[in-house]
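What follows is one structure encoded as structure tokens, with my remarks underneath.
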Amino acid sequence: MTSIPQVDIIVEWIKDNKTAVATTSSFLIGLFLVRRYLSGGVCRSKNRLHGKTVVITGANSGIGKEVSKELAKRGARLIFGCRDVTKGREAADKIGRETGNKMISVYKVDVADLDSVREFSEQIHDSEENVDILINNAGVYSCPYALTKNGFETQFGVNYAGHFLLTHLLLDLLKKSVPSRIINTTSVAYKGGKINFDNLNMKDNYKPSKAYCNSKLAVLLFTRELSRRLKGSGVTVNSVNPGLTNSNLGRHVTADMSWPRYLLGLAIVGMMFKTPKQGAQTTIYCAVEPSLDEVTGQYFSDCMQKDVSPPGDDDDVARHLWDTTVKLVGLPEEACSNN
């Protein structure tokens, strides 16, 4: 049998470089296994959502877009709440073409602006009799210090306060649709957060990553307290951790990077972060899994219920944060009651 010169050269090189080949192979196999592990769980439920109305914020990109695409495939009627309506309509049109589901409405909402949240709620009330699933998905990460129109630190305002108000404004429609679900997007970063009631806006010693941790802790505590108040109502509320996901959420982090650091960051993100589709799986799971009809007040990651670590399990802080936020967002005092 005639040998092929190129193959012979490769074989000889491998023989002469066994250690390097073994090390490289081990590294690549290890990287593959780590990548598989970090990709997280997958929603296995085949449950359909025909006749269900879903409201989702931040639906035009990243995780929100992937969640919306999957729920559209399952027959849901979708209402997008997007800061950029043009991009929202482009996403809705694309999802409609890909899934064949044209039941997608797009409204403007900027969750950093409480007036915009109220207008969004009014539009939904004008057009809908029921809301079956509310997905509070829109978010920002590691922003430079700035205050929203209503005077909140940006991450606290967008990730938490705006969605706190939206949830309250849509509760009547959710209660008409029982069993219904609220899904709040948090992060494992909550473990690094602390609610300082004397400095919620972090005016002193602002650190973008710390502010993010605080906002996601606030979401987790909100979920915990709301579930207590809604007990027995037929409305469940759970929080989800999408995991490290390659989306535009980190745009503020890369904005001032040098090219070498930016390229290194891209390599790390490509190898270690989830794709938006992978990051969407836990939210999809919490939206469609039939066994979760009566599960409430829980924290989910990788399509599994997980225990909550301190500081996310402090009921006293959760109640205090609730009462404080009710006043900050301008809700009536009765929202402070335990009903």
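The numbers here are math on the coordinates, done by the rules we state, and not lab data. All figures in this text were calculated on a predicted structure; none of them were measured in a lab. Heads up, the Cβs are rebuilt from the backbone with ideal geometry, glycines too, and the neighbour counts pull from every protein chain shown.
Once C-alpha pairs closer than 8 Å and six or more residues apart are averaged by separation and normalised to the residue number of the range 46-336, the relative contact order reads 18 percent.
Listed highest first by mean packing, meaning other Cβ atoms within 10 Å per residue, what order do 148-154, 92-98 come in?
148-154, 92-98
Residues 83, 181, 48, arranged from fewest to most other Cβ atoms within 10 angstrom of their Cβ, appear as 48, 83, 181.
When 69, 277, 327 are arranged by Cβ crowding within 10 Å, least crowded first, meaning fewest neighbours, the order is 327, 277, 69.
For the range 271-339, which GluC sites (Glu not before Pro) are both in a DSSP coil and crowded by at most 16 other Cβ atoms within 10 Å? Spell out each step's value before the answer.
Numbers: sites: 294, 333, 334; in loops: 294.
Qualifying residues, ordered by number: 294.
The modelled label-to-label distance between residue 47 and residue 306, using points 7 Å beyond Cα along the C-beta direction, is 2.1 nm. Rg and Dmax over the alpha-carbon atoms of the range 46-336 stand at 17.9, 55 Å.
The simple spin-label model puts a point 7 Å past each Cα toward its Cβ; for residue 291 and residue 93 those points are separated by 4.2 nm.
Placing pseudo-labels 7 Å out from each Cα toward the beta carbon at residue 316 and residue 130 gives an inter-label distance of 4.2 nm. Counting neighbouring beta carbons within 10 Å and listing from fewest to most, the residues 107, 141 come out as 107, 141.
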